[in-house]
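Data first, discussion second: the structure below is written as structure tokens.
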Amino acid sequence: MFTTSTNAQQLTVVAAENFKPYNYLDGGIVKGMSAEVVRVTLAKAGIEAEFHVYPWPRAYKMALEGINILIYTTVRTAGREESFHWVKAPHSSSF
């Protein structure tokens with residue numbers, strides 16, 4: 001699939017809470033192991049994204065109701081199964 005810059009939409013990536021070492025704010029920058037996996041994966045796919053850390057209720061509401069929202073790190077439950085498109089990270093940390 002090809003898009004032009006006028007049609008491209010930026011992805012908003014929201015981390016649910018400061019959850020060291022997986023995702024956290026450090027000097028206004030979202031860092032952590034999970035943040036890095038998401039960042040590298042999106043870069044390899046050529047997808048631009050803006051990263052944020054929000055409290056769980058806000059991040060979850062954004063993911064449920066928003067457009068082009070990626071939420072991480074969250075638990076996959078039966079109750080959430082149909083609400084999202086799930087991506088499973090590879091077992092290896094080498095990209």
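What follows is calculated from the coordinates using simple rules that are stated; it is not laboratory data. Being a predicted model, the structure only gives us computed values, none of them experimental. Cβ atoms come from the backbone with ideal geometry, glycine included; neighbour counts cover every protein chain shown.
What to note about this one:
- Taken over the stretch 67-84, residues that are of a type outside the set (S, T, N, Q), loosely packed, with under 13 Cβ neighbours inside 10 Å and under 18 Å from residue 9 (Cα atoms) amount to 1.
- So residue 14, is it touching a His at 6+ places or on another chain (Cβ under 6 Å) and either in a loop (DSSP other than H, G, I, E, B) or of a type outside the set (Phe, Trp, Tyr) (or both): yes
- Among the residues making up the stretch 18-40, a single one is within 19 Å of residue 87 (Cα to Cα), part of a loop (DSSP other than H, G, I, E, B) and out of contact with any strand residue (DSSP E or B) (no Cβ under 7 Å at 6 or more places or on another chain): 22.
- Matching option when the condition is of a type in the set (Gly, Ala, Ser), in a loop (DSSP other than H, G, I, E, B), at negative phi and without any contact (Cβ under 8 Å) to a residue 60 or more places away in the chain, among 43, 59, 63, 78: 78
- When residue 50 is tested against (1) of a type outside the set (Lys, Arg); (2) surrounded by 16 or more Cβ atoms within 10 Å (Cβ to Cβ); (3) part of a strand (DSSP E or B), exactly one condition is not met: (2).
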